[in-house]
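Let me begin by presenting the structure, written as structure tokens, before commenting on it.
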Amino acid sequence: MPLRTENRLGEPCWIDLVTRDPAKSIAFYAALLDWRAVETGAGSGRHTMFFHGDAAIAGLTAQDPSSGNRDFWTTYLATDSVDETVRAARAAGAAVLAPPQTVGDQGRLAVLTDPAGAAVGVWEAAGHRGFGADNEIGTPVWHELITRDFTAAIAFYEEVFGWTPIPLSDTTDFRYSTFGHDESMTGGVYDADAMLPPGVPSNWQVYLGVADVRASAARATELGGAVLREPWDSDFGTFAQIADATGAVFLLGQVEPSPRA
């Protein structure tokens with residue numbers, strides 16, 4: 001598996017699962033995606049990290065099961081300075097959910113709500129660079145912002161994170177742009193205002209790679225999850241929307257196995 005060694009400003013660089021039942025979540029992803037959970041830190045600084053092979057893939061944070069909060073995935077975007085990014089984000093209309101904080105010798109983070117209401121993390125790397133691999137089976141393969149205010153969201157991420165949006169479609173039926181730098185694609189933004197049910201906010205979605213979406217969707221239900229949207233084929237691949245065993249939502253994306261050297 002090729003290792004990822006660099007994340008540029010504004011690129012998705014990490015994902016973190018917040019769960020009320022860490023043991024159930026760990027068992028689910030281990031069986032579905034062959035992830036291995038490793039505890040890092042000690043005491044109040046304890047954290048769980050998922051690996052696929054030797055590559056760090058995602059984090060897991062426990063939340064109080066009595067809080068009544070849903071379980072969810074958070075996407076983190078790379079920055080050279082969390083503090084400067086938070087200042088710029090506030091000036092551009094964002095709110096701060098979690099203020100800048102240092103995570104041991106690993107780096108610094110903050111969590112924002114963009115002007116359209118989507119929560120997104122910010123990561124300034126030190127000892128922990130982010131994904132050890134991506135775009136492979138068992139790793140993140142795409143990141144997507146589902147937004148109720150497409151224009152405001154695009155403007156915000158352009159200003160704060162230096163995105164170069166590339167329109168894929170710009171009609172009232174389907175408005176979608178990819179983003180990245182220098183015409184590279186690291187994720188997408190979907191105008192979902194007409195699609196999202198009342199009360200559902202803008203949100204970030206993570207796609208996890210598998211060799212066979214239909215087989216993996218069926219396996220997810222066997223493991224206590226649920227298929228929220230049955231597998232579908234598109235010009236961009238085969239996908240399915242899944243709720244894991246504690247209700248956190250993600251998508252499966254079908255990818256070809258990497259050629260072996």
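Quick test of your reading of the structure: Gly162 fulfils all but one of (1) surrounded by fewer than 18 Cβ atoms within 10 Å (Cβ to Cβ); (2) within 17 Å of the chain's Cα centre (by Cα); (3) on the phi > 0 side of the Ramachandran plot. Name the failing condition by number.
Failed condition: (2).
Only one residue in Pro115, Pro65 is at pLDDT 95 or above, over 16 Å from Leu9 (Cα atoms) and either open to solvent by 30 Å² or more (accessible area, probe 1.4 Å) or in a loop (DSSP other than H, G, I, E, B) (or both). Which one? Lay out the reasoning, then the answer.
Details: Pro65 fails: at pLDDT 95 or above.
When all the criteria are applied, what remains is Pro115.
Taking Pro231, is it without any contact (Cβ under 8 Å) to a residue 60 or more places away in the chain and closer than 18 Å to Ala116 by Cβ?
Numbers: without any contact (Cβ under 8 Å) to a residue 60 or more places away in the chain: yes; closer than 18 Å to Ala116 by Cβ: no.
It is false that Pro231 is without any contact (Cβ under 8 Å) to a residue 60 or more places away in the chain and closer than 18 Å to Ala116 by Cβ.
Just to check your reading of the model, which residue among Gly10, Gly93 is at pLDDT below 95 and part of a loop (DSSP other than H, G, I, E, B)?
Numbers: Gly93 fails: at pLDDT below 95.
Checking each option against the conditions leaves just Gly10.
Yes/no per residue for (1) under 30 Å from Glu158 (Cβ atoms); (2) of a type in the set (Lys, Arg); (3) in contact with a Pro (Cβ under 9 Å, 6 or more places away or on another chain):
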position	(1), (2), (3)
Thr186	yes, no, yes
Leu196	yes, no, no
Pro201	yes, no, no
Ala220	no, no, no
Ser234	yes, no, no
Gly247	no, no, no
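Quick one: which residue in Ala78, Ala126 is under 29 Å from Ala30 (Cα atoms) and free of Cβ contacts under 8 Å to residues at least 40 places away in the same chain?
Numbers: Ala78 fails: free of Cβ contacts under 8 Å to residues at least 40 places away in the same chain.
Checking each option against the conditions leaves just Ala126.
Quick check: anything in segment 217-236 open to solvent by less than 10 Å² (accessible area, probe 1.4 Å), of a type in the set (A, V, I, L, M, F, W, C) and under 30 Å from Pro22 (Cβ atoms)? Reasoning before the result, please.
Quick first cut of segment 217-236, residues open to solvent by less than 10 Å² (accessible area, probe 1.4 Å) only: 217, 220.
With of a type in the set (A, V, I, L, M, F, W, C) added as a condition, the list becomes 217, 220.
Imposing the further condition that a residue be under 30 Å from Pro22 (Cβ atoms) reduces the set to 217, 220.
Within segment 217-236, one or more residues are open to solvent by less than 10 Å² (accessible area, probe 1.4 Å), of a type in the set (A, V, I, L, M, F, W, C) and under 30 Å from Pro22 (Cβ atoms).
How many of the residues in segment 33-44 are small (Gly, Ala, Ser) and either open to solvent by less than 50 Å² (accessible area, probe 1.4 Å) or modelled with pLDDT of 95 or more (or both)?
Initially, segment 33-44 is screened for residues small (Gly, Ala, Ser), giving 37, 41-44.
This time we only want the ones that are either open to solvent by less than 50 Å² (accessible area, probe 1.4 Å) or modelled with pLDDT of 95 or more (or both), so: 37.
Going through segment 33-44 one residue at a time, the tally reaches 1.
Only residues that are buried (at least 18 other Cβ atoms within 10 Å of the Cβ) and either assigned to a loop (DSSP other than H, G, I, E, B) or aromatic (Phe, Trp, Tyr) (or both): list them for segment 73-88, please.
Trp73, Tyr76, Thr79
Between Thr147, Thr139, which is surrounded by 20 or more Cβ atoms within 10 Å (Cβ to Cβ), farther than 23 Å from Gln254 by Cα, modelled with pLDDT of 95 or more and not aliphatic (A, V, I, L, M)?
It is Thr147.
Look at segment 202-216 and say how many of its residues are buried (at least 21 other Cβ atoms within 10 Å of the Cβ) and under 23 Å from Gly68 (Cβ atoms).
3
Just the residues that are small (Gly, Ala, Ser) and either closer than 28 Å to Pro257 by Cβ or buried (at least 18 other Cβ atoms within 10 Å of the Cβ) (or both), please, taken from segment 177-201. Working first, answer last.
Of the residues in segment 177-201, the ones small (Gly, Ala, Ser) are 177, 180, 184, 187-188, 192, 194, 199.
Result: Ser177, Gly180, Ser184, Gly187, Gly188, Ala192.
Kindly evaluate Gly121 against the criterion of being touching a His at 6+ places or on another chain (Cβ under 7 Å) and surrounded by 13 or more Cβ atoms within 10 Å (Cβ to Cβ). Steps first, please.
Details: touching a His at 6+ places or on another chain (Cβ under 7 Å): no; surrounded by 13 or more Cβ atoms within 10 Å (Cβ to Cβ): yes.
In short, no.
The values are calculated or read from the model by the stated rules, or taken from the named source; none is laboratory data. If you're wondering where the values come from, they're calculated on a predicted model, not measured in any experiment. As a convention, Cβ positions derive from the backbone with ideal geometry for all residues, glycine included, and neighbour counts pool all protein chains shown. Please note that ligands, DNA and RNA were not included when accessible areas were found on the heavy atoms of the full protein model with its side chains. Shrake-Rupley method; radii C 1.70, N 1.55, O 1.52, S 1.80 Å.
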